[in-house]
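Contents: one structure, followed by commentary.
The values are calculated or read from the model by the stated rules, or taken from the named source; none is laboratory data. Model, not experiment: these values are computed from the prediction. With ideal geometry, Cβ positions are generated from the backbone for all residues, glycine too; neighbour counts draw on all protein chains shown. These accessible areas exclude ligands, DNA and RNA; they are computed on the full protein's heavy atoms, side chains included. Shrake-Rupley method; radii C 1.70, N 1.55, O 1.52, S 1.80 Å.
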Amino acid sequence: MVQKIIKYFLILLFFGLLLYNAVYFKKISEMQVLKIETVFDAKAYAKTYLLEKIPAAKKEAVAVADLLSAMKKDSKKAFTAFSHFQNEGDMKYFFVKGEGKVTAIDEEFVTLKIASGTEIKLAIQYIFGNTSRDCSGIISIDDFSNTMDLNNVSEEINKLIKSEIVAPFKTKVQKGDRISFLGGIELSQSEPKTDKLEIVPLQLEINSK
């Protein structure tokens, strides 16, 4: 009888220890701290992307003159070779670099003439959409737990472009200046219009005239 009692006691003790190790409790305050720590910081993410990752990826950008040449030869191959995108829609994005001479300045654009003689426009007023986010191919939707964070990144990048890239540029640029640029282009795959390229600037540098 005593042996049976000891046996049952040991069995109960064993399962009790298993249950104790399987169940644990956390204070509500600890859970709240954890929740706060995991809130996504879109502004910080955008700043790292624009001011650190984009300059470091400059060698990955296609020269705008080379992109235009590729488009004239075979636009389908050019899209396959150089475009980036988050989904399979018609609009694709290109990460480009180049240099040109300022031929005109207005409220919305700084117009540049590149070596081939083609004129392109740098946007300096309306910076919106996903071009700045998607053109480089650095950012992937798979990096985010939800689309809201991804969209917030676009918004924060565009704000930074206006304040950190465009604003100081606008105060100094003059007609006749030579400009080096790094930026993004949005083009329709079904109807690419390369005669009036509009570039969202990601990096701008004024060189000597």
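Summary table
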read-out	value
Filter pass, Ala70 being open to solvent by less than 100 Å² (accessible area, probe 1.4 Å), of a type in the set (Gly, Ala, Ser), at pLDDT 95 or above and in a helix (DSSP H, G or I)	yes
Lys175 being touching a Ser or Thr at 6+ places or on another chain (Cβ under 9 Å) and not in a helix (DSSP H, G or I)	yes
Close pairs (6 angstrom Cβ cut-off, 6 or more residues apart or separate chains): within 11 Å of Ser190 (Cβ to Cβ) and touching a residue at least 60 places away in the same chain (Cβ under 8 Å) in segment 72-93, open to solvent by 60 Å² or more (accessible area, probe 1.4 Å) and of a type in the set (Ser, Thr, Tyr) anywhere	Asp90/Ser190
Residues being hydrophobic (A, V, I, L, M, F, W, C) and modelled with pLDDT of 95 or more - total across segment 24-42	1
Which numbered condition Tyr45 misses (of (1) among the hydroxyl-bearing types (Ser, Thr, Tyr); (2) open to solvent by less than 50 Å² (accessible area, probe 1.4 Å); (3) modelled with pLDDT of 95 or more)	(2)
Residues of segment 108-133 that turn out to be surrounded by fewer than 22 Cβ atoms within 10 Å (Cβ to Cβ), within 25 Å of the chain's Cα centre (by Cα) and among the charged types (D, E, K, R), as a count	2
Among residues of segment 151-188, those that are within 18 Å of Val64 (Cβ to Cβ) and open to solvent by 40 Å² or more (accessible area, probe 1.4 Å), counted	2
Selection from segment 134-150 of residues that are open to solvent by 20 Å² or more (accessible area, probe 1.4 Å) and either among the aromatic types (Phe, Trp, Tyr) or assigned to a helix (DSSP H, G or I) (or both)	Ile141, Asp142, Asp143, Phe144, Thr147, Met148, Asp149
Qualifying residues in segment 48-66 (those that are among the small types (Gly, Ala, Ser) and not in a helix (DSSP H, G or I)) - the one nearest to Lys159 (Cα to Cα)	Ala57
Condition check for Ile165: assigned to a helix (DSSP H, G or I), under 19 Å from Glu60 (Cβ atoms) and touching a Pro at 6+ places or on another chain (Cβ under 6 Å)	yes
Residue in segment 81-98 that is surrounded by the fewest Cβ atoms within 10 Å (Cβ to Cβ), counting only those that are among the polar types (S, T, N, Q) and out of contact with any Asp or Glu (no Cβ under 9 Å at 6 or more places or on another chain)	Asn87
All positions within segment 117-133 that are in a helix (DSSP H, G or I) and out of contact with any strand residue (DSSP E or B) (no Cβ under 8 Å at 6 or more places or on another chain)	Arg133
In segment 195-206, the residues that are open to solvent by less than 40 Å² (accessible area, probe 1.4 Å) and not hydrophobic (A, V, I, L, M, F, W, C)	Pro201
In segment 110-143, the residues that are among the basic types (Lys, Arg) and either touching a helix residue (DSSP H, G or I) at 6+ places or on another chain (Cβ under 7 Å) or touching a residue at least 40 places away in the same chain (Cβ under 8 Å) (or both)	Lys121, Arg133
Among the residues listed as Asp143, Asp74, Asp90, Asp149, the single one being under 20 Å from Glu198 (Cα atoms) and not hydroxyl-bearing (Ser, Thr, Tyr)	Asp90
